[in-house]
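Okay, so here's the structure we're looking at.
The values are calculated or read from the model by the stated rules, or taken from the named source; none is laboratory data. Please read these numbers as outputs of a predicted model, since none were measured by experiment. Neighbour counts run over all protein chains shown; Cβ positions are idealised from the backbone, glycine included.
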Amino acid sequence: MNYQNLICFGDSQTFGARSYGCYPLYLGKFLSEQTPYQWRTINRSVNGFTARDLWFKINQEIDAVSDTFICCLLIGTNDVGNGTDIELFSEYYTQILRTLVIKKFKVIICGEIPPIFPDGHSFFERPTSELRLDYNKALKESTAKFSRARTISLDHLTREHYEDPVHFNEKGNIAIAQAFAAAVSTL
């Protein structure tokens with residue numbers, strides 16, 4: 001059997017909080033349908049994670065897998081909600097990418113921080129949707145430092161893709177998976 005492994009790192013958006021599915025589940029399905037390979041997606045996400053949290057954990061996570069050379073990364077929404085210092089966010093993000101490159105990942109696909117839809121939730125107030133743009137700028141600058149990393153835009157998501165201000169419903173999980181699948185399929 002011809003197969004490929006792909007690992008997904010992230011927070012509750014990758015985990016699939018507030019829905020039964022998750023984008024890594026659909027990503028494996030779409031890639032298996034669109035390429036000549038059978039895809040195994042590995043979801044190593046943790047609800048509530050920030051870039052700092054992932055930086056502390058990533059070495060253990062990637063040391064536990066083998067035969068895996070493609071990574072999808074979707075992290076930063078909690079950094080926006082917490083108001084993490086953008087320079088620190090950028091450094092943690094850069095260190096995460098550096099770790100993946102050193103560990104011989106061939107392709108790292110970095111999803112921009114998806115839109116935030118404030119609706120009265122205290123953690124994601126109205127200014128967070130504007131602040132997200134600054135974090136995405138830092139994310140893109142970090143990604144540009146590594147030839148193996150590329151950024152994909154997730155600005156096509158609308159409120160109908162969400163269960164609450166930041167968590168995807170099934171339609172959102174599918175849209176995220178399609179965006180990552182399109183990036184992987186063009187390798």
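Close Cβ contacts (under 7 Å, 6 or more residues apart or on different chains) running from residues in the stretch 83-100 that are under 19 Å from Pro127 (Cβ atoms) and surrounded by 16 or more Cβ atoms within 10 Å (Cβ to Cβ) to residues that are modelled with pLDDT of 95 or more and among the acidic types (Asp, Glu) comprise Ile86/Asp134; Phe89/Asp79. Of the residues making up the stretch 1-46, just one is touching a strand residue (DSSP E or B) at 6+ places or on another chain (Cβ under 6 Å), farther than 26 Å from Tyr92 by Cα and among the charged types (D, E, K, R), namely Arg40.
Considering the stretch 43-67, the residues that are surrounded by 17 or more Cβ atoms within 10 Å (Cβ to Cβ) and over 12 Å from the mean Cα position of the chain (by Cα) include one that is farthest from Leu154 (Cα to Cα), namely Ile62.
Annotation note: Cβ proximity below 9 Å between a residue of the stretch 102-125 that is under 16 Å from Ile75 (Cβ atoms) and of a type in the set (D, E, K, R) and a residue that is part of a strand (DSSP E or B) and modelled with pLDDT of 95 or more (sequence gap 6+ or interchain) occurs for Glu112/Leu74; Glu112/Thr151; Glu112/Ile152. Among the conditions (1) in a helix (DSSP H, G or I); (2) closer than 18 Å to Ile113 by Cβ; (3) modelled with pLDDT under 95, the only one that Gln60 does not satisfy is (2).
Count of the stretch 22-42 residues, restricted to those that are surrounded by fewer than 20 Cβ atoms within 10 Å (Cβ to Cβ) and not in a helix (DSSP H, G or I), is 6.
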